[in-house]
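The values are calculated or read from the model by the stated rules, or taken from the named source; none is laboratory data. As the structure is a computational prediction, the values presented were derived from the model and not from experiment. FYI the Cβ positions are ideal-geometry reconstructions off the backbone, even for glycines, and counts take in every protein chain you see. To get the accessible areas, we keep the full protein, side chains included, count just its heavy atoms, and leave off ligands, DNA and RNA. Shrake-Rupley method; radii C 1.70, N 1.55, O 1.52, S 1.80 Å.
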Amino acid sequence: MKTDLVSHGQRRAGHVLRRVILIVALSVLAIPFVVPTVWMIASSLKPLNEIFQSPPTIFTDSPTLAAYAEAFTFQPFARQYFNSVYIAVVVTLVTMLVASLAGYAFARIPFRGRNVLFFVVLIGLLVPSEVTIVPLFQMFTQAGLVNTHWPLILVTALAAPCVLATFVMRQFFIALPGELEEAARLDGLGRVGIWWRISMPLAKPALSAVAILTFLASWNLYLEPTVYLTSPELFTLPQALTRYADAYGGEMWNTQLAAATMTVVPMLIVFIIAQKQFVEGLAHSGLKG
Amino acid sequence: MTVTIVETREAPAGASRPPAAPSRRRFWSASRRDQLAGYLFITPQLIGVVLFVLVPVGLAVWYSLNDWNIFSGRLEFVGGDNYADLLTDPQLPSVLLATVVFSGGIVVLNIALGLGLAVMLNRRFRGVTFFRTLFFSPVVVSVVAWTLVWGFLLQDNGGINGALSVIGIDGPNWLQSGDTAMIAVIVSQVVRSVGINMVLFLSALQGVPSELHEAARIDGAGSATIFFRITLPLISPTVLLTAIITIVGALQAFAQIAVLTGGGPGLSTTVLVYYVFQQAFEFNNIGYGSTLALMLLTFVMLLTLLQWQLRKKWVFYED
């Protein structure tokens, strides 16, 4: 055995050295992950003329919040912010409800045609949104819903992101032990009661994963708002962020970066609230394989 | 796509229900009530998929057989003309090449980097949580915000060339040069999304029993051997799943291209999804745009099918 050939001290030194190499490697790798965000925040605090300074600096001597104020006055940013937040919240809540109902039924209620219908639903995961956007645009035009938030809410809450959520919920509910349900049934609880009072409280990890995934999906929508919305006061944040250009078409970089910085906050809040349960949720969902 | 289908355990008929002889005569027996509850529970989801996925796909097929008449605003039936156009479209080869390079680059880098990071961060040392958070943090920054920042850094006089000039390198105009634009788009997107794969790989690695590693080490196996012979086969289902999710996601990347390069320079970053958007919404070619969209759908389905078949060949399942 190797232990006899290498002294304890040498092994310990090798151990420490490997750890140092690991930490150095990780730190170097982390640069492209961290610098853009730091740069975004730092540049949003700079006056415009300092942004393209050469050699580049990260921090400015004269930080200013002027770009943050400008972000709100150049276009209806507060309104656009509100649009994104309320759409994401509504979509997330509707999806959690729809997906946990369907996921529960597909996992635990025996009914005729269940497996066939489940495969029909899974098709929703397979079809890229770009395939359906043209027909959906025509459908929503017919319905008079173009240039409203309805397409963004309905399609996101009920189509692909919701199907992923249904799948996650189904995997979770399948893994739940059946004894609790049997006990509840003997006590006279119906299906709705069992679902809501017994299974849902146990499903918190899966629900957190669903909440994060759905919120992310809605928050990042770009193609759909670009296609459906034309009035600036209806815009969502991803769309609004690309509209910061002065009268000559020049980019207002510090204003744009200030606005971009502000859009991170809600995602951060969602992650902080749900992250503890998130990994656990993925582990239970079968997503981990 | 992401289906690890676990067969539902059917409760043995009648075993779960109280042996209610009288209730059997009532129309709403327990099993009928279950049937009804099942259908009602799935109705909202089913309506969503039918209305917002199946019907639109059907319509897309119909549009692909028609041409959009700008003057009347109506569709005109042209049969297979749009499909014939696929063969003669001089731009399509470049678009398909860009799509393959983009998706392939994203998948390979994403899996390699995600797995590498997960292995490095699947140990106990001080600061491990800190590093995990760092690598995950771009996920929190929305796609468009992240892409804007990279667009800013990648400009001719932007931060990356500024940093390079400090060490005496004159960097290219990343987004305006046909050679570098695609690389720039791929790298910025891999960095943004690899955190999610890292988390998936981490949770898979934590499921690998450590006794196996110890046994192999006692038998004299080195770290590389242990990784390729033991760890990798054990987490192969996750690798497969991650590959599917990543490649399907890459095939659908729109915001990244639209914000960073607008498909340029030339057609060097015009991937299929972006081309569909241009044809349908910029050039009003609803028919041809739908034909291209169906081609995209075919690719996604073939890839999913292929990976599903491969799964039987090389994916290792513990049980």
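Listed values, structure above:
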item: Electrostatic dipole magnitude of chain B [Cβ: Lys, Arg +1; Asp, Glu -1; Cα centre; debye, to 20]; result: 1680 debye
item: Where only alpha carbons of region A:113-158 are counted, the Rg and the Dmax (Å); result: 12.9, 38
item: GNM result for chain B, Cα springs below 10 Å: residue of B:Gly151, B:Gly38, B:Gly178 fluctuating most strongly; result: B:Gly38
item: Taking region A:67-285 and dividing mean pair separation by its residue count, relative contact order in percent (alpha carbons under 8 Å, at least six apart); result: 35 percent
item: Gyration tensor over alpha-carbon atoms, region B:237-319, equivalent ellipsoid semi-axes in Å; result: 32, 15, 8
item: Amide H partners (placed H, <5 Å) of B:Asn66, local residues excluded; result: B:Val78
item: Spin-label model distance (nm) - A:Phe119 vs A:Glu179, 7 Å beyond Cα toward Cβ; result: 3.6 nm
item: Most mobile listed residue (A:Leu26, A:Leu207, A:Leu97) in chain A, GNM with C-alpha springs under 10 Å; result: A:Leu26
item: Size of electric dipole in region A:67-285: Cβ of Lys, Arg +1 and of Asp, Glu -1, about Cα centre, debye, nearest 20; result: 680 debye
item: With 10 Å bins from 0: P(r) over region A:145-257, alpha-carbon pairs, percent; result: 12, 28, 23, 18, 11, 6, 2, 0
item: Percent RCO, i.e. relative contact order, over chain B, from Cα pairs under 8 Å lying at least 6 residues apart; result: 26 percent
item: 10 °C / 1.306 mPa s Stokes-Einstein diffusion coefficient of region A:134-200, Kirkwood radius on C-alpha pairs, µm²/s; result: 107 µm²/s
item: Whole-Hz couplings from phi, Karplus 6.51/-1.76/1.60, listed for region A:168-173; x for Gly and Pro; result: 4, 5, 4, 4, 5, 5
item: Chain A: mean projected area of Cα convex hull, nm²; result: 25.4 nm²
item: For region A:96-113 versus region A:76-94, the gap between their alpha-carbon centres in whole angstrom; result: 28 Å
item: Surface per residue (accessible, 1.4 Å probe) for chain B, Å²; result: 48 Å²
item: Förster-model FRET efficiency, 45 Å R0, B:Asp219 and B:Val100, C-beta, rounded to 0.05; result: 0.60
item: Shape box of region A:176-228 [Cα atoms, principal axes, largest first, Å]; result: 53, 21, 12
item: Kirkwood hydrodynamic radius of region A:1-145, from inverse mean 1/r over distinct Cα pairs, in Å; result: 23.0 Å
item: Approximate spin-label separation B:Arg123-A:Gln275, in nm, with each point projected 7 Å along Cα-to-Cβ; result: 2.3 nm
item: Cα principal axis extents for chain B, largest first, Å; result: 84, 74, 34
item: Efficiency of FRET from Cβ geometry, B:Asp89 and B:Met301, R₀ 25 Å, rounded to 0.05; result: 0.70
item: Centre separation in Å (Cα based) which lies between region B:237-302 and region A:140-168; result: 20 Å
item: Under the Karplus curve 6.51 cos²θ - 1.76 cosθ + 1.60, θ = phi - 60°, whole-Hz ³J(HN,Hα) for region B:200-211, x wherever Gly or Pro sits; result: 4, 5, 4, 5, 6, 4, 5, x, 7, x, 6, 4
item: Helix-only mean residue ellipticity at 222 nm for the protein assembly as shown, each DSSP H run of n ≥ 4 adding -39500 (n - 2.57), per residue, nearest 500; result: -21500 deg cm²/dmol
item: For region B:168-185, 3J(HN,Hα) per residue [Karplus equation, 6.51 cos²θ - 1.76 cosθ + 1.60, θ = phi - 60°, Hz, x = Gly/Pro]; result: x, 9, 9, x, x, 7, 3, 7, 9, 10, x, 6, 9, 4, 5, 4, 4, 5
item: Top of B:Glu214, B:Glu76, B:Glu282 by mean-square fluctuation, Gaussian network on chain B, Cα under 10 Å; result: B:Glu214
item: Buried area at the B-A interface (accessible, heavy atoms, 1.4 Å probe, summed, Å²); result: 8700 Å²
item: The protein assembly as shown: C-alpha pair distances exceeding 31 Å, %; result: 56 percent
item: Normalised alpha carbon radius of gyration of region A:2-50 [divisor 2.2 N^0.38 Å]; result: 2.12
item: Region B:145-217 and region A:205-272: distance between their alpha carbon centers, rounded to Å; result: 22 Å
item: Distance between modelled label sites at B:Val108 and B:Gln176, nm, 7 Å Cα→Cβ extension; result: 3.0 nm
